[in-house]
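Participant: Next up is a structure, given as structure tokens.
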Amino acid sequence: MDFVGGIFVKLEFISAMAIGLFLVAGCSEERSPLESSPGSSDVEEELSPSQLRALSAEDEAKWTDDSPTEVPEQALLKERRDHDDDQDEDHHDGVSRSSRSYEITLENLTPVTGAGSSQPFSPPVLASHHRSFRLFRVGHRASSQLAQIAQDAQNGPMVSLLEDEDAVHAVTQGSGVILPGSSDRFTIETARGARSLSLAFMLVNTNDGFGGVSGLRLPRHGSLEVEIYAYDAGSEANTELIADIPGPCCGNPFSGTPTHEKIRRHAGIRGDADLAASTYGWSGPIARLTIRRLEPAYSVVVENLTPATGPGSSQVFSPPVIATHARGIRMFRVGHFASAGLAKIAEDAMNGPMLNRFETSSLVHDVQEGSGVIPPGASAAYTVHTAPGFRRLSMAFMLVNTNDGFGGVDSIFLPRGGRRSYYFRAYDAGSEANTELAADIPGPCCGSPGAGTPTHERIRRHRGIRGIGDLDPDLYGWEDAAVKITITRLR
């Protein structure tokens with residue numbers, strides 16, 4: 001094993017030792033002063049359910065406001081190009097502020113009567129669009145593009161039409177047939193003014209039978225289930241002859257007798273030609289469409305800006321705890337006392353108490369923990385999810401070659417869209433004396449977890465490594481921002 005790898009193993013061992021020490025300490029009935037201190041920062045505000053609902057509604061109103069997002073007061077600097085109030089956030093990297101993502105599940109309900117029998121569905125074409133657009137209308141004649149789907153499962157012309165249509169926001173298509181009794185799943189994006197869904201697919205053992213929806217309004221929240229009936233495109237005579245049908249029953253595409261009738265409900269397989277109704281027929285709905293709005297998701301990239309002064313030197317970051325949450329819960333607050341959970345992170349890189357606190361709170365939507373340390377000059381990416389009323393982000397991690405230095409963000413609003421980058425200084429938790437002695441520090445510089453002299457001071461900006469103990473500022477020190485955090489909306 002090389003030296004750098006040895007450092008990481010050592011750090012993991014140190015963390016394991018620290019967890020063991022914490023568990024032993026947890027058996028004692030004596031409470032840490034931090035657990036009952038006024039101003040501890042991970043304690044929920046004393047609010048009734050109705051007050052919390054009101055605060056969540058107020059937060060949601062702030063988040064949906066079109067005014068530019070303010071720079072968090074704890075941020076040293078926000079990237080200039082993302083702080084231009086004259087810029088439209090929709091033009092930044094990442095999805096726009098009005099974007100919504102939906103999961104679409106299409107299930108084939110036709111009878112399972114044998115291989116190649118009943119009615120396999122051709123790969124569907126799906127589009128999100130403005131409500132003025134229609135893929136098809138019952139009682140109207142089919143477009144040539146729809147007819148090519150309904151007669152021969154040819155998606156290309158329809159896809160080209162949709163991609164060139166100004167009223168269409170996004171287009172996707174399936175990659176394979178959907179057999180009777182099976183289903184397929186798709187994801188599609190929408191934007192403001194483009195909240196309608198259309199899709200179409202062929203019933204391949206018919207002349208020109210198809211299924212789909214046209215101009216279906218997508219749900220604002222939650223899910224929607226719709227039953228789909230078969231339609232006759234009216235563009236080919238329903239001969240039910242092997243010579244005219246492209247599906248596995250017959251294998252004859254691009255044939256049949258053209259007609260010029262209007263779209264109507266399909267009468268089904270009559271069984272008076274080559275196709276047996278018992279083998280290829282159906283009754284009732286042919287498909288079930290389930291639409292579910294996906295939670296907004298964000299990429300959070302944590303970049304260690306401390307100097308790369310050598311293996312195990314400078315300031316390695318411990319695996320962070322990251323949470324999306326509502327108003328009323330905090331990981332920390334500058335100028336307040338550190339909670340017990342934050343002190344465990346800042347002193348010994350122990351995430352357990354903070355994770356437990358956030359994972360069991362009704363004010364928290366999503367909690368993530370990093371899987372490894374972040375060395376100087378390196379970065380790590382995480383994905384978090386949000387929901388209405390849970391638009392805030394908090395994070396904490398230890399600078400492991402300090403007594404109780406930590407980094408993170410305190411309850412900042414996630415961007416509605418695009419990408420935002422912030423630079424943050426390091427903080428001093430105020431829970432352990434900054435001796436800078438090897439006997440008191442858990443990181444690879446020292447290997448002494450669970451030690452140090454307790455203090456009871458307020459969280460403040462960290463003064464850095466001053467060289468008053470065993471640590472050389474040239475090896476373990478840093479200046480200005482310690483971390484860059486980049487938040488990008490993914491959907």
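Participant: Through the Karplus equation 6.51 cos²θ - 1.76 cosθ + 1.60, θ set to phi - 60°, convert the phi angles of region 140-151 into ³J(HN,Hα) values in whole Hz; use x for Gly and Pro.
Facilitator: With the stated coefficients, region 140-151 comes to 10, 7, 6, 5, 4, 5, 5, 4, 5, 5, 5, 8 Hz.
Participant: Still on this model: With the Cα gyration tensor of region 421-464 giving a ≥ b ≥ c as the square roots of its eigenvalues, does the rule (a/c under 1.5 for rounded; else a/b larger than b/c for prolate; else oblate) give rounded, prolate or oblate? Show your work: numbers first, answer last.
Facilitator: Numbers: a/c = 2.70, a/b = 1.43, b/c = 1.89.
In terms of gyration-tensor shape, oblate.
Participant: At LEU216 and ARG460, where each label point lies 7 Å from the Cα along Cα→Cβ, what is the point-to-point distance in nanometres?
Facilitator: Label-label distance for LEU216 and ARG460, simple model: 6.1 nm.
Participant: Based on the mean of other Cβ atoms within 10 Å per residue, sort peptides 317-329, 115-127, 280-292 so the most packed one is first.
Facilitator: 317-329, 115-127, 280-292
Participant: Can you pull out the trypsin sites (Lys or Arg not before Pro) in region 176-225 whose DSSP state is coil and whose Cβ has at most 14 other Cβ atoms within 10 Å? Working shown, then result.
Facilitator: Working: sites: ARG185, ARG192, ARG195, ARG217, ARG220; in loops: ARG192, ARG195, ARG220.
Hits after loop and neighbour filter: ARG192, ARG220.
Participant: State the extension gain, in nm to one decimal, for the chain segment bounded by HIS140 and THR279, taking 0.36 nm per residue of separation less the distance between their alpha-carbons.
Facilitator: Difference between extended and current length: 47.0 nm.
Participant: Would you work out which of SER143, ALA237, PRO253 lies farthest towards the positive end of the dipole of region 100-293, given +1 charges on the beta-carbon of Lys and Arg and -1 on that of Asp and Glu, about the Cα centre?
Facilitator: SER143
Participant: Sorted by mean Cβ packing within 10 Å, highest first, what order do the peptides 331-342, 239-250, 265-276, 354-365 take? Let's see the in-between values first.
Facilitator: Values: 331-342: 23.1, 239-250: 19.5, 265-276: 15.4, 354-365: 17.6.
Most protected by this proxy first, the peptides run 331-342, 239-250, 354-365, 265-276.
Participant: Label 7 Å along Cα→Cβ of ALA378; region 308-352 residues with amide nitrogen under 11 Å?
Facilitator: Only 312, 316-319 fall inside the zone, counting backbone N under 11 Å.
Throughout, read-outs are computed from the coordinates displayed, never taken from laboratory work. Source: prediction; values computed, not measured. Glycine gets a Cβ as well: all are built from the backbone with ideal geometry, and neighbour counts include every protein chain shown.
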